[in-house]
Structure formats: structure tokens, C-alpha cells
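One structure below.
The values are calculated or read from the model by the stated rules, or taken from the named source; none is laboratory data. Note that this is a predicted model, so its numbers are computed, not measured. Cβ placement follows ideal geometry from the backbone for every residue including glycine, while neighbour counts extend to all protein chains displayed. Only protein heavy atoms, including side chains, enter the accessible area calculation; ligands, DNA and RNA are left aside. Shrake-Rupley method; radii C 1.70, N 1.55, O 1.52, S 1.80 Å.
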Amino acid sequence: MTNFLAFGGGSGPAVTAVLGPTNTGKTYLAMDRMLGHASGMIGFPLRLLARENYDRVVKIRGVGAVALITGEEKIVPANPRYYICTVESMPLDRRVAFLAVDEIQLAADVDRGHVFTDRLLHARGDVETMFLGAETIKPLIRRLVPGVHFVGRPRFSKLLYSGSKKLTRLPRRSAVVAFSASEVYGIAELIRRHRGGAAVVMGALSPRTRNAQVALYQNGDVDYIVATDAIGMGLNMDVDHVAFASLGKFDGRSPRALVASEVAQIAGRAGRHMNEGTFGVTADTANIDPDIVSRVESHEFPPLKTLFWRNTELRFTSLEALLASLKYAPPAPQLIRPPPAEDQLVLEAMTNDADVRSRAAASTDRLRLLWDVAQVPDFRKVKPEMHARFITQVFHYLTEGAGVLPEDWVAGQVARIDRTDGDMHVIMDRIAAIRTWTYLAHRGHWMLDGLAWQERTREVEDRLSDALHAKLTSQFVDSRTAHLVKRLRGDDIMAADLAKDGAVEVDGHRLGHLKGLRFRAERTGLRAADRAVLNAANAALRPVIAARVDAITAETDAAFTLDDTARIVWRDEPIASLIAGLERMRPRIFLPEDERLEAAARSRVEARLRAWLDAHTAAVLAPMVKARAAAVSAPVRGIVFQLAENLGAIRRGEVETQLTLLKDEERKALARLGIRFGLDHVFFPALLKAAPMRLRGLLWIAAQRGASTPGPVPALPSSGRVSVPLVADIPETFYVACGFRPIGSTAYRIDMLERFAADARRMTREKVVVFPPAALSLLGINLETAAVVLKMLGFKAKIEAVGLTFALRRRTSPKVKAPRLAGHGQAPVSPDSPFAKLKELISS
């Protein structure tokens, strides 16, 4: 534990410099030390750091004891004991026992360094003063601050270089650093596609947006953060690896390479306390120079040789005297004058306006006001001349009339900013603009009701910040993937919510649809997102599917049906398909593959569905099933088998030879089995009812389909139809299987066609020559169609003046003689002939 009593060494006010690498707890040390005094003040380099530490001290000492003072925010209770500030806003006229300045090495920064140098030289606590920073400033502090006591803060963990890694191969809890907004956005988008998302941190973000983005990372919603060098200061995160996507930056004046201390400042974000961190390069960036790597790993950097200094004892006797006093030479060789700062450039631009010069010359107070106005920060980062035009307008309002900014002007300006539409860049520009108005509202009496405008501009900034955070998150974070990945790492049971339409959600995030026993994930084409969905589905749906398996196996037969595409349906959801089997009457049952359905469970479901389908087929196609099981002779079995393979009907011409070989008893046996010998077909009349015809069509569909080949799925004929139009590309065998005979462009139900043919034959026997129109109603056809049908049925037909004439066409094929019985003088039959084989079959 650090010995605080050793700080300062002497009996007078102690001045201590606590120096060391990043992530060494210097800030916590200063905070603890301040709270040990009756009063104190700490200056931080960033507004968000000041706010973060203000909140921390308020929790310890209470809101009435702590003041927050930044350029854009002032919370000052009646009697504060502790002041948490940005370095530029430290009220040095307040006497406090303890005073500290964080990141004191920024005195070497070309833009802000002169402010830190002034604090180093002049800011002191009555009892103790502490400067926090890097070891590189130690020699200069020793020369400029007599009697200072140094305390080293070594890094507790190692920081090691790990070389180059692809963006898609970076380890979890990585920060990727780039130096332009376009690079940051491009990298964040790539990480979103491959890893689910990344938080984004840039200097242009407001503290509220930046903190919200960091919270995404800290909470584990995302595992990656993409940032500019803004990550190098003021952000406390659990980063394990820092990857540089670039080793060069534009410093506001020109592009240049990072120096070793800058690499260390950023890389030092990796590792916390005793946890080691690593740093490296990515995105095709060349490896870091070995000398820089060595310096970063050993925390040894060249000491700073000079600090920037600007005169703070300005002369307000005249405008010329003020400008001249800003250019005074430094009082020590270790101090150098920086290029003209932003406020000085703005002042010079404003003085080009004769009216400004005239107003400023009116009094010393006016000249001081001009300098105060010129110091309004350019949050928009426009050129000094452009910023000066706006600031000149402010100065004009403050030097006329009541000496305050007009309410209607301020209201109009703020109203134009108070919009959350537009893209990320537009909202960032609005945030920068409202920060200017927040700053103006905190400037003493520049507004009639400054407190109200402070509150108003803060509300606008918060609203814009929240909108920017939402847009960044929407753009660069797949919220579903991020949430699912986070849940999958936890120990909590992941439960699925099922909607009536089968939609599957986990914690409000859609995963896909569960139909029966098959889950179809919502695919995005992004590897990380699809993998997260599948992993979440595996975890959440296994118990759901297991419960469904139990329910299916316990169901009665009434719970199952077949849809019009030959799929087995359970509770209005298809759970299996019928595909081709060894026999058309007994198709295979195919359950779609799903990794959440285990093999044993699959077997149980298949067995239950097999039992149901066999029972269903036996009930609906009872005549054919019974015929298949009947004990009959081989010729009868052969015809029954062919009928079964053709699902209940076959053209008579295809079995005519077998029919002529049948004995009378065998014909009677077929008749007893419910088989009818029509003029054109052999068929089961009982299977021409609605339910059997539908099942026959479904069995035909199944016979054309394999496990991996879909096959045709024609529409089933409507119930009760006598004829149906033929559909192109649908095989005629489908219509026959359903109980129809295709003729021309229409298929006719077989039993009705047989009646039509029987009536026509009867009429020919009765010598009727003209087909009566009334007889056409049986098939619902006209004369032209009837002529086609009659010709297909073996008649001659012709439309003449008297009507449709017809006659039975004579048979030209020879009659097949019945075989003669043995012993009646027939020639010997060869044992290898088909007739010998038929004889063996009959005798068996």
C-alpha cells in the first residue's frame, strides 16, 4: 500500500508527481488522497472523465459536498468541499487543501499543452498538490517544480506484442483502433458481419453516447470495440487485446506516424490490474517497429524535452496590447510557444471586423468580454474564420441593448438543432452544435435565463446522444446475435416462446419457425448471426421438440391427417412426408432432418406414424387391402397385385391376356373381391368415392418423390367431379391413379366412362345410329367431345346433319383361344416355355 505520509517529504505544502503507465490506478490514488483532506480539486483532461469521477465522489460524500465544473456543465452546490473539473475549467481562485491535475504529460500537446503547463507551474493546494501522468515528463517536472516528490506506479501486469491477426480472427474482448471515421465504420461493419457487432468510440461522440457504447462492450452485449485514439484516455474497459488497424494519424496539421508513447497510451488499455494484455496489428497493417514494441513492453520512452507555454498574464489595456501579450516569449528554455491556438486565431479573425474593434475599444470590460467570447470552443471543428463569424454575432448581441443573447434568437437556433432525423453524421454535427449552446448557457450572464437554457440544451444533447447511440447500435450491432451470444455464455436456461404460427422467439428475438418437428432458422447470410441462432435454437428447442415427440407418440389416430401434398399433419402442422417405398400401397415415412431431434426420438415418431398410416390405408382402401391379403390362386393374386401397383385401376388391354386365361371360379373370386371388369378398365368401383380417390392420388404423389428429390405435386381432383381438365406436364398415370381416364384434353371418371361405354354398346345392339343428346349428360360433354370419346372407346363416330352417328368398330385382332386341357391331343409343351411356367404357377 502506498505510504501517503511520505508524499512531499517536507513540512510545507507537498508537491508530488505520481508517474507511470496507463492502467496503474493513478486516478484512484488521487481521489482517495483528495477525500482524506477537508477540501480538494482535481482537473481531468476530458469532460467525460470529470463527470465519471464526479458521480463517484457524490456517492461517497453526497451531492451537497461536490461541484462539477466543465466548459459545458456546472453543478455547484451552496458550499462544496470538492471540485471535479476539466483542466481548462479549474477555478484556481478557490483555495483548497488538495489539488491534482491528471495526465500532466499533455503539457507537451501542441493544442492544449499551454493550459496543462500553466497548471503545472501555478496551480497548488494549500496542503498538497499532485500531478498524475507518464514517466516521460519527469525530467521537466524536476526542473520546473522545485522540491517535487516522485512516486512511481509500475504496471501490475505485462503488456505483450502478439503480432498480426486478421480482423475476423481477433480474440474476444478486443479493441480495434483506427484513425478516421470511415475506417472505424468499415471495420465495425466487417466485425458485425463476422462476429455479431462492435461498439464504436470516437472523439466526435458526446460523453453520453460514448458511455452508452462502452456499456455495450462492458456488459458483454458485444465482444469488440472499434475506436479512434479517443480510447487511449478516459475510458476504463476490460480489454484483453488492442489491435491497430493503422499506425498513422492526421494530427490536425499533417499525417504522421504514431510515436512509441502514443502506441503505449493506446495499447495500455489492454489488461487490467493483474491481468496481462496484448497488442498487435490487423487489417493488413505492417508489423510495429521492433524498437517501438520493445519500448512499449518495457514502458521505457524518451523523456519530453519541452512543454508548450503561453502567457496567462494578459494585458487588457488595448486590443493591440492583448494580441501582443499572447505572443510573449516563454520564461524558461524548457518551455516553447505553440503555434497560435484556436482562441487566438478566432480573436485575430474577429478583429478584422471594424465594428468589433470599435466595440472592444470602448472599455477594459469590453476587451475582456471579447477575449472570453473568442475562447468559446469550436465543437463543430470548422475553420477559425467560420467559427469567428458565429462568435462575432454573439459578441455583437452581448455588447448592445441588455447585454444578453436574445431569447428568440437562441430559441430559433436551438430549435433547428433539436431534431433526431438524419444519419449518424448529421446527428453528430447537431451534437457538436448544441454543445456550443450549452457552453454559452454556462457563461455567467450571457443569457437572460441561463439556468433554463442550461437545462434545455442538456435535454437536447441527451436526446441527440440517445438517437446517435441507437443509430450506431442499429448499424454496427446485430442486437439479436449479441443478445443470444451473451445468453449462451450464461448458465440460465434459455426458454423458447412459440407463437401460434410457429414463430420461435427467445427473449423477444426471432429465431425462425418450428413446423412440426422441424425448425427453420431465419438466415441472414452472416456467419456469426446464423451460428448464434442455431446454437440458441439447439438450447431452447430441444425440450420443446422432446415434448412434441412424447405428445405425438401418445396421440390417437384421429390426431393425424394427410394434406394435399402427401404430408402427415399433426395439430395443423406437417411433421413428415410420404416418399416412394417398395410398394405403392406402402410408401416410406420421411421425417425431415433436424439436429434437435435425436435418433431414438425419431424412431419413436416414425413407428407411431407408420402404425397410423397402415391403419388409415387399410380403412380408406379397404377393398384393395383385403384383396391383397386374400387367399386366392396365383392368377388372381397377379391381377390384384397389378391393380394395387396402379392404385386400383388398370386399362383392360394391359391385362386382357391374363383375363382370358382365368377360370370361371377365378373370375368369380375377383368379383367377390370387389373387382369389376369394365369394357375399358379393370377397377375397384368402391375406390371411386371421394376419400379413396384422394388417398390414391396422394399415394401416386408419394411414389414419385424421394428423400432428396421433390417430384411433382399436382392438385388433387375436386370431390364429386365426373371429369377434370388435364394439366400440362402432369403424367396421365396420375389421373388414372385418381380414378380417371384421360381422353383428349380431359380426364373422365372411370365408372362414369364405363357406364357411358355400356350405354353406347347397348344402343348399337338396339340398332341406334344417331347418338341421343340426352345421353351426353352422363359425362357432361357436347357432340364434338362425344365423338372423340366414342372413338377412344372403340366406336366409329361422325357428326353429320342428323347428329352424331356412331357404330361399334369391328375388332381386327384375332381372338385368343383358351388353352386346351391336357390329354386332348395338344402338342407337347416345352418345359422352358412361358406356358409351362404359367402351369407351374397355377398348380402352386
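Looking at this structure, is V533 touching a strand residue (DSSP E or B) at 6+ places or on another chain (Cβ under 9 Å), open to solvent by 20 Å² or more (accessible area, probe 1.4 Å), over 28 Å from G697 (Cβ atoms) and of a type in the set (V, I, T)?
Against the criterion (touching a strand residue (DSSP E or B) at 6+ places or on another chain (Cβ under 9 Å), open to solvent by 20 Å² or more (accessible area, probe 1.4 Å), over 28 Å from G697 (Cβ atoms) and of a type in the set (V, I, T)), V533 does not qualify.
When segment 311-338 is examined, which residues are found to be open to solvent by less than 50 Å² (accessible area, probe 1.4 Å) and in contact with a Ser or Thr (Cβ under 8 Å, 6 or more places away or on another chain)?
Across segment 311-338, the qualifying residues are N311, L314, F316, L319, L323, Q334, L335.
On the given criteria, is E459 in a helix (DSSP H, G or I), without any contact (Cβ under 8 Å) to a residue 12 or more places away in the chain and under 33 Å from the mean Cα position of the chain (by Cα)?
So E459 passes the test.
Scan I575, I568, I552 and give me the residue that is in contact (Cβ under 8 Å) with a residue 40 or more places away in the chain, assigned to a helix (DSSP H, G or I) and open to solvent by less than 20 Å² (accessible area, probe 1.4 Å).
Result: I552 is the single residue among I575, I568, I552 that is in contact (Cβ under 8 Å) with a residue 40 or more places away in the chain, assigned to a helix (DSSP H, G or I) and open to solvent by less than 20 Å² (accessible area, probe 1.4 Å).
What single numbered condition from (1) farther than 22 Å from G113 by Cα; (2) modelled with pLDDT of 95 or more fails to hold for M1?
Evaluating M1 over (1) farther than 22 Å from G113 by Cα; (2) modelled with pLDDT of 95 or more leaves (2) as the failure.
Return the pairs, sorted by first residue and then second, in which the second residue is of a type in the set (S, T, N, Q) and outside any loop (DSSP other than H, G, I, E, B), the first residue lies in segment 709-731 and is free of Cβ contacts under 8 Å to residues at least 60 places away in the same chain, the beta carbons are less than 8 Å apart, and the residues are 6+ apart or on different chains.
From residues that are free of Cβ contacts under 8 Å to residues at least 60 places away in the same chain, the pairs are S723/T746; V724/T746; P725/T746; L726/T746.
Count, please, the residues in segment 596-605 that happen to be open to solvent by 30 Å² or more (accessible area, probe 1.4 Å) and of a type in the set (A, V, I, L, M, F, W, C).
Residues meeting the conditions: 2.
For segment 38-56, check the following and say yes or no: at least one residue is open to solvent by 20 Å² or more (accessible area, probe 1.4 Å), of a type in the set (G, A, S) and touching a residue at least 40 places away in the same chain (Cβ under 8 Å).
yes
If you check R741 against the conditions, is it under 30 Å from L699 (Cα atoms), open to solvent by less than 30 Å² (accessible area, probe 1.4 Å) and modelled with pLDDT of 90 or more?
It is true that R741 is under 30 Å from L699 (Cα atoms), open to solvent by less than 30 Å² (accessible area, probe 1.4 Å) and modelled with pLDDT of 90 or more.
Can you tell me which residue within segment 57-73, out of those that are under 24 Å from A441 (Cβ atoms) and surrounded by fewer than 17 Cβ atoms within 10 Å (Cβ to Cβ), is nearest to the chain's Cα centre (by Cα)?
Selected residue: V63.
Restricting the search to segment 465-521, which residues are in contact (Cβ under 8 Å) with a residue 60 or more places away in the chain, outside any strand (DSSP E or B), within 22 Å of E189 (Cα to Cα) and open to solvent by less than 60 Å² (accessible area, probe 1.4 Å)?
S465, L468, H469, L472, T473, F476, D478, T481, A482, H483, V485
Yes/no matrix, rows are residues, columns are (1) of a type in the set (S, T, N, Q); (2) open to solvent by 20 Å² or more (accessible area, probe 1.4 Å):
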site	(1), (2)
R651	no, yes
E654	no, yes
Q658	yes, yes
L661	no, yes
D664	no, yes
K668	no, yes
I675	no, no
G678	no, no
R694	no, yes
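For the list (1) under 24 Å from the mean Cα position of the chain (by Cα); (2) buried (at least 17 other Cβ atoms within 10 Å of the Cβ); (3) more than 24 Å from M428 (Cβ to Cβ), I need the number of the one condition that P171 fails.
Only one criterion is unmet by P171, namely (2).
Starting from segment 420-433, keep only residues that are open to solvent by less than 60 Å² (accessible area, probe 1.4 Å), then list their pairs with residues that are of a type in the set (D, E) whose Cβ atoms are within a distance under 7 Å, requiring at least 6 positions of separation or different chains.
Taking only residues 6 or more apart or on different chains, the pairs are I431/E461.
Just one of (1) under 34 Å from the mean Cα position of the chain (by Cα); (2) crowded, with 16+ Cβ neighbours inside 10 Å trips up E593, so point out which.
Among (1) under 34 Å from the mean Cα position of the chain (by Cα); (2) crowded, with 16+ Cβ neighbours inside 10 Å, E593 violates only (2).
Could you check segment 207-261 and list, in sequence order, the residues that are of a type in the set (A, V, I, L, M) and under 15 Å from L46 (Cβ atoms)?
Initial filter on segment 207-261 (of a type in the set (A, V, I, L, M)): 212, 214-216, 222, 225-227, 230-231, 233, 235, 237, 239, 242-243, 245, 247, 257-260.
Within segment 207-261, V214, A227, A230, I231, M233, L235, M237 meet the criteria.
Specify the residue that is farthest from Q265 (Cα to Cα); the eligible residues are those in segment 293-318 that are of a type outside the set (S, T, N, Q), without any contact (Cβ under 8 Å) to a residue 60 or more places away in the chain and in contact with a Phe, Trp or Tyr (Cβ under 9 Å, 6 or more places away or on another chain).
Among residues in segment 293-318 that are of a type outside the set (S, T, N, Q), without any contact (Cβ under 8 Å) to a residue 60 or more places away in the chain and in contact with a Phe, Trp or Tyr (Cβ under 9 Å, 6 or more places away or on another chain), the one farthest from Q265 (Cα to Cα) is F316.
In this structure, is R588 over 25 Å from R755 (Cα atoms), at pLDDT 90 or above, open to solvent by 70 Å² or more (accessible area, probe 1.4 Å) and not in a helix (DSSP H, G or I)? Let's see the steps before the verdict.
Working: over 25 Å from R755 (Cα atoms): yes; at pLDDT 90 or above: yes; open to solvent by 70 Å² or more (accessible area, probe 1.4 Å): yes; not in a helix (DSSP H, G or I): yes.
Criteria met by R588.
Only one residue in G196, G232 is out of contact with any Lys or Arg (no Cβ under 8 Å at 6 or more places or on another chain) and either more than 22 Å from P21 (Cα to Cα) or surrounded by fewer than 24 Cβ atoms within 10 Å (Cβ to Cβ) (or both). Which one?
That would be G196, the only listed residue that is out of contact with any Lys or Arg (no Cβ under 8 Å at 6 or more places or on another chain) and either more than 22 Å from P21 (Cα to Cα) or surrounded by fewer than 24 Cβ atoms within 10 Å (Cβ to Cβ) (or both).
Hey, among the residues in segment 199-218 that are free of Cβ contacts under 8 Å to residues at least 40 places away in the same chain and open to solvent by 40 Å² or more (accessible area, probe 1.4 Å), which one's farthest from D466 (Cα to Cα)?
This residue is Q218.
Got at least one residue in segment 397-408 being hydrophobic (A, V, I, L, M, F, W, C), open to solvent by less than 10 Å² (accessible area, probe 1.4 Å), in a helix (DSSP H, G or I) and more than 22 Å from Q213 (Cα to Cα)?
The answer is no; no qualifying residue exists.
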